[in-house]
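Bear in mind these aren't lab numbers, they're just calculated from the coordinates by the rules spelled out. It should be emphasised that the depicted structure is a prediction, and the values quoted were computed from it without experimental measurement. Virtual Cβ from ideal backbone geometry, glycine too; neighbours counted across all protein chains shown.
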Amino acid sequence: MAKSPYRQIEKIEAQEKGGPYGAWWREFCGNYRELLVQARNHSYTALEKKLAATGERITCRKGCTYCCFHYISVPLAHGIVIVDYLYGRKHLLRAFIRNYERWRHKGKAISKTLDETRARAFLSAMSIHEIIAVTRPLSMRYLESNIPCPFLEEEACLIYAVRPLPCSGQFSVSPPERCSPAAAEGAVIHQLVADDEDLLKFLELAGPRLMVYEMTLPTLIYRFLTEGASSI
Ligand code: SF4
């Protein structure tokens, strides 16, 4: 049985939040969360305009969790904000740790390959399009493996207020069952992309390293919790 990580998590939390780095941490997380709300509102308004023109209707509903079986990666900056959210809600942190232990048996191998592939791609200065082309087959393999996100509990997201942008950026306008990977007919999905002005604000706040470098969501959060954000 794996050793309990809670003592280590407490130690890391005290280190992260203590001293001058702690002051930066609090201010950064507050500002990032404000930008997150703004970016979501702006992209959602853009989607509403688009749907008004096409006459389509969003069919996503509470309790539908197909999106939560997709592969999700997040920038390091977003990982810091999720960890901060969990520090303030220990019951959610514990639920994540419990689910993570299950997730890693199925999800860790594919996501490790994805993280390594992405790291190599960044080092060789590949374009975003090239990186997507390289990682897409692995993301598809992940989806086919039917692995629920460790933040999914009782058909709801444990970190809904700070969920990653890709999680809040996909809307189906076809019957919900078509989002199942087993469906014969594919879903019609609108992807929301944050507008350039919002992306620039994120970059200004966090800097390129924290915003551009991404890792698998569960792996990054577990690592930040047990080793600290400065471990990467
Ligand atoms: S973070 Fe939340 S919304 Fe995103 S995949 Fe996980 S459970 Fe679903």
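Check the straight Cα-Cα distances from Lys108 and name the lysines below 19 Å, setting aside those fewer than 8 residues away within the same chain.
Partners within reach: Lys3.
With unit charges on the beta carbon (Lys/Arg positive, Asp/Glu negative), name the residue among Ala187, His91, Ser111 whose Cα is farthest towards the positive pole of the charge dipole of the stretch 6-231.
Of the options given, the answer is His91.
Using the Kirkwood radius built from alpha carbon pairs, what does the Stokes-Einstein equation give as D for the chain at 10 °C and 1.306 mPa s, in µm² per second?
Translational D for this selection: 84 µm²/s.
Amide H of Tyr71: which non-local residues (sequence gap of 5 or more, or other chain) have their own amide H closer than 5 Å, using H built in the peptide plane?
Counting only residues 5 or more places away or on other chains, the set is Leu143.
Among Glu34, Glu185, Glu153, what is the fewest-to-most ranking by other Cβ atoms within 10 Å?
Ascending Cβ contact count within 10 Å gives the list Glu185, Glu34, Glu153.
Which residues does a label at Glu227 reach in the stretch 178-217, if reach means a backbone N under 20 Å from a point 7 Å past the Cα toward the Cβ?
Flagged as within label range: 209-217.
Distance from the Cα centre of the stretch 155-232 to that of the stretch 39-114, in angstrom?
That distance is 5 Å.
Could you work out which residue, out of Thr117, Thr54, Thr45, moves most in a Gaussian network model of the chain, that is, has the largest mean-square fluctuation with Cα springs under 10 Å?
Residue with maximal mean-square fluctuation among Thr117, Thr54, Thr45: Thr54.
Treating the angle as unsigned and between 0 and 90°, give the value, to the nearest 10°, between the Cα long axis of helix 90-123 and the longest Cα principal axis of the chain.
Orientation of helix 90-123: about 80 degrees from the principal axis.
Tell me the net charge near Glu153. Cut-off is 12 Å between Cβ atoms, Glu153 excluded, with +1 for each Lys or Arg and -1 for each Asp or Glu.
+1
If each residue of separation counts as 0.36 nm, what is the full-extension length gain between Lys49 and Ser174 once their alpha-carbon separation is subtracted?
Full extension from Lys49 to Ser174 adds 43.2 nm.
Would you please name the chymotrypsin sites (Phe, Trp or Tyr not before Pro) within the stretch 23-90 that are DSSP coil residues with at most 15 other C-beta atoms within 10 Å of their C-beta?
When the chymotrypsin sites (Phe, Trp or Tyr not before Pro) of the stretch 23-90 are filtered for loop state and at most 15 Cβ neighbours within 10 Å, nothing remains.
Roughly what angle does helix 19-54 make with the longest principal axis of the chain, taking Cα atoms, 0 to 90 degrees, to the nearest 10?
0
Relative to the first principal axis of the alpha-carbon coordinates of the chain, what is the inclination of helix 217-227, with its axis defined by its Cα atoms, in degrees from 0 to 90 and to the nearest 10?
In the chain, helix 217-227 runs at an angle near 10 degrees to the longest axis.
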